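Chemist: Below you'll find the structure I mean.
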Amino acid sequence: MLLFSTIDVSRQIFFRSGLSFAIVNLKPIVPGHVLVIPNRVVPRLADLKEDELSSLFSAVQTVGKVVEKAYGADGLTIACQDGSAAGQSIPHVHIHVLPRKFLGDRFQHANDDVYPAIEQSEGELGRRVQPLQVDNEGRPPRSAEEMETEAKWLSDLFQKS
């Protein structure tokens, strides 16, 4: 069992490296929005050991390449909210990886709107240290089965790469 803070995310995992793993997102902002997380539960980037930090960002790079290709993206938004003052609501370091497109992207006409959307998404996940405005766009949470299906599909892509 792997934990994202205190949440069992074993069914959402699609990639594992020595010290990191990646999961599909409960409420993705765009299709393919995933999280890359260190194995050890620590709240801040500064709490990671050098080898954990290296593994985390190597995993971000590896996951990003596959997710970008899988979702036909033209680029990636990679974001980390480091601490509650930055909007982090789950006290376990995690990196958001969002495939982005020139055409058909939800944020194509207002690219920087992705950042408040990430912050709002964090607020929906759990504990809020400071108030965050929760989005009203009605992104319903996905079922465990939907996330497991996507995780399996993405996992299979890593076997092929």
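The values are calculated or read from the model by the stated rules, or taken from the named source; none is laboratory data. It should be emphasised that the depicted structure is a prediction, and the values quoted were computed from it without experimental measurement. Reconstructed Cβ throughout: ideal geometry from the backbone, glycine too, with neighbour counts over all protein chains shown.
Chemist: Restricting attention to the stretch 102-150, which residues are modelled with pLDDT under 60 and among the polar types (S, T, N, Q)?
Modeler: If the condition is that a residue be modelled with pLDDT under 60 and among the polar types (S, T, N, Q), then Gln130, Gln133, Asn136 are the ones that fit.
Chemist: Something else about it: Asp47 - would you say it is among the acidic types (Asp, Glu) and either surrounded by 15 or more Cβ atoms within 10 Å (Cβ to Cβ) or out of contact with any helix residue (DSSP H, G or I) (no Cβ under 9 Å at 6 or more places or on another chain) (or both)? Lay out the reasoning, then the answer.
Modeler: Details: among the acidic types (Asp, Glu): yes; either surrounded by 15 or more Cβ atoms within 10 Å (Cβ to Cβ) or out of contact with any helix residue (DSSP H, G or I) (no Cβ under 9 Å at 6 or more places or on another chain) (or both): yes.
Taking the combined requirement at face value, the residue satisfies it.
Chemist: A further question on this structure: Go through Ile23, Ile13, Ile78 for me and flag whichever is in contact with a strand residue (DSSP E or B) (Cβ under 6 Å, 6 or more places away or on another chain), at negative phi and surrounded by fewer than 18 Cβ atoms within 10 Å (Cβ to Cβ).
Modeler: Details: Ile23 fails: surrounded by fewer than 18 Cβ atoms within 10 Å (Cβ to Cβ); Ile13 fails: surrounded by fewer than 18 Cβ atoms within 10 Å (Cβ to Cβ).
Step by step, each of Ile23, Ile13, Ile78 is checked, and only Ile78 is in contact with a strand residue (DSSP E or B) (Cβ under 6 Å, 6 or more places away or on another chain), at negative phi and surrounded by fewer than 18 Cβ atoms within 10 Å (Cβ to Cβ).
Chemist: May I pose another question? Determine if the stretch 84-98 includes at least one residue that is without any contact (Cβ under 8 Å) to a residue 12 or more places away in the chain and surrounded by fewer than 19 Cβ atoms within 10 Å (Cβ to Cβ).
Modeler: As a first pass, look at the stretch 84-98 and keep what is without any contact (Cβ under 8 Å) to a residue 12 or more places away in the chain: 86.
Within this subset, residues satisfying the condition of being surrounded by fewer than 19 Cβ atoms within 10 Å (Cβ to Cβ) are 86.
Looking through the stretch 84-98, at least one residue is without any contact (Cβ under 8 Å) to a residue 12 or more places away in the chain and surrounded by fewer than 19 Cβ atoms within 10 Å (Cβ to Cβ).
Chemist: Hey, another quick one. Is it the case, given these coordinates, that Ile23 is among the aliphatic types (A, V, I, L, M), without any contact (Cβ under 8 Å) to a residue 40 or more places away in the chain and within 25 Å of Glu146 (Cα to Cα)?
Modeler: Spelling it out, it is not the case that Ile23 is among the aliphatic types (A, V, I, L, M), without any contact (Cβ under 8 Å) to a residue 40 or more places away in the chain and within 25 Å of Glu146 (Cα to Cα).
Chemist: Right, next: List pairs: first in the stretch 54-68 and of a type in the set (Val, Ile, Thr), second part of a helix (DSSP H, G or I), Cβ under 6 Å, 6+ apart or cross-chain?
Modeler: What qualifies is Val66/Leu157.
Chemist: Take the conditions surrounded by 22 or more Cβ atoms within 10 Å (Cβ to Cβ) and either in a loop (DSSP other than H, G, I, E, B) or modelled with pLDDT of 95 or more (or both) and apply them to Val30. Does it pass?
Modeler: Taking the combined requirement at face value, the residue does not satisfy it.
Chemist: Would you tally the residues in the stretch 77-125 being outside any loop (DSSP other than H, G, I, E, B), within 12 Å of the chain's Cα centre (by Cα) and among the hydrophobic types (A, V, I, L, M, F, W, C)?
Modeler: Total meeting the criteria: 7.
Chemist: Further question: Considering only the stretch 1-27, how many residues are among the hydrophobic types (A, V, I, L, M, F, W, C) and part of a loop (DSSP other than H, G, I, E, B)? Give the steps one after another, and end with the answer.
Modeler: Initial filter on the stretch 1-27 (among the hydrophobic types (A, V, I, L, M, F, W, C)): 1-4, 7, 9, 13-15, 19, 21-24, 26.
Cutting the leftovers down to part of a loop (DSSP other than H, G, I, E, B) gives us 1-2, 9, 19, 26.
Within the stretch 1-27, residues that are among the hydrophobic types (A, V, I, L, M, F, W, C) and part of a loop (DSSP other than H, G, I, E, B) number 5.
Chemist: Follow-up question, since we're still on this one. Does Val36 satisfy being part of a strand (DSSP E or B) and surrounded by 15 or more Cβ atoms within 10 Å (Cβ to Cβ)?
Modeler: Details: part of a strand (DSSP E or B): yes; surrounded by 15 or more Cβ atoms within 10 Å (Cβ to Cβ): yes.
Here the answer is yes, as Val36 does meet what is asked.
Chemist: What number of residues in the stretch 32-75 are out of contact with any strand residue (DSSP E or B) (no Cβ under 7 Å at 6 or more places or on another chain) and within 20 Å of Phe107 (Cα to Cα)?
Modeler: Final tally of qualifying residues: 3.
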